[in-house]
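Heads up: the structure comes next, in structure tokens.
The values are calculated or read from the model by the stated rules, or taken from the named source; none is laboratory data. As the structure is a computational prediction, the values presented were derived from the model and not from experiment. Cβ placement follows ideal geometry from the backbone for every residue including glycine, while neighbour counts extend to all protein chains displayed.
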Amino acid sequence: MKRTKKIIFATKNEGKKREVNHIFGDSQVELLSLNDLNGVPEIIESGKTFQQNAEIKAQLVFNAFGVPVVADDSGLAVDQLNGYPGVFSARYAGDDASDEDNNNKLLDELRNFPEPHPAKFVCSAVYYDGRKFFNAIGEVKGRIIKEPRGVNGFGYDPLFIPDGFDKTMGELPLDKKNEISHRSKAFKALKKFLNF
């Protein structure tokens, strides 16, 4: 049996960690989040793209702990808002915004636009081992609805219905979400590429 490989997932979001742990479930990877570590440096996501932000996180955390790192940056891009909230998805309504705050701002911004509200979730996932970055991108297209539905997931999940479904990401069970989600697509591609 292969020895367990420790990898840090550069996130404090336990929802994300659960999703990625599920994807890596049949591998020998032990995933640690930033909540499992002491002395985590402050991470400032100053990139202009999802990939730049993911690489900033991965490099900073690797430099602090010397252990291979996976990181991602992901968010929602809404056509009628010219791709916003984009890289600002987690802090759309302010630096300390809750999911509810961000969802309310999004709905407010879309109020004057006609339905449907086409959108896509985008995820850039990276692996960094101190030598080079391995990158993967995942996307899922869909639309934003007016009222949140479902308590699964996090972020904008209760407002987003993926193409081909009648349920929001917040209503889908984790197994189904992991089959289709942007994060799932990106991390499955990364896992396959790295042969975890």
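Just give me the residues in the stretch 118-144 being over 17 Å from Lys192 (Cβ atoms) and of a type in the set (A, V, I, L, M), in sequence order.
Ala119, Val122, Val140, Ile144
For the stretch 8-117, which fully contained helices (runs of 4 or more DSSP H) count at least 2 residues that are aromatic (Phe, Trp, Tyr) and either within 21 Å of Phe193 (Cα to Cα) or at pLDDT below 95 (or both)?
Filter on the stretch 8-117 gives 50-65.
Examine the stretch 153-173 for a residue that is surrounded by fewer than 20 Cβ atoms within 10 Å (Cβ to Cβ), in a helix (DSSP H, G or I) and modelled with pLDDT under 95, and state whether such a residue exists.
no
Within the bounds of the stretch 75-84, is there any residue that is surrounded by fewer than 20 Cβ atoms within 10 Å (Cβ to Cβ), among the hydroxyl-bearing types (Ser, Thr, Tyr) and within 20 Å of the chain's Cα centre (by Cα)?
Yes, the conditions are met somewhere in the stretch 75-84.
Restricting to the stretch 134-152, name every residue that is farther than 22 Å from Gln51 by Cα, among the hydrophobic types (A, V, I, L, M, F, W, C) and either part of a loop (DSSP other than H, G, I, E, B) or touching a Cys at 6+ places or on another chain (Cβ under 9 Å) (or both).
Within the stretch 134-152, Ile145, Val151 qualify.
Tell me the residue from Ser98, Ser184 that is surrounded by fewer than 18 Cβ atoms within 10 Å (Cβ to Cβ) and among the hydroxyl-bearing types (Ser, Thr, Tyr), please.
Ser98
What number of residues within the stretch 63-74 satisfy the criterion of being under 18 Å from Asn13 (Cα atoms) and either surrounded by fewer than 19 Cβ atoms within 10 Å (Cβ to Cβ) or hydroxyl-bearing (Ser, Thr, Tyr) (or both)?
1
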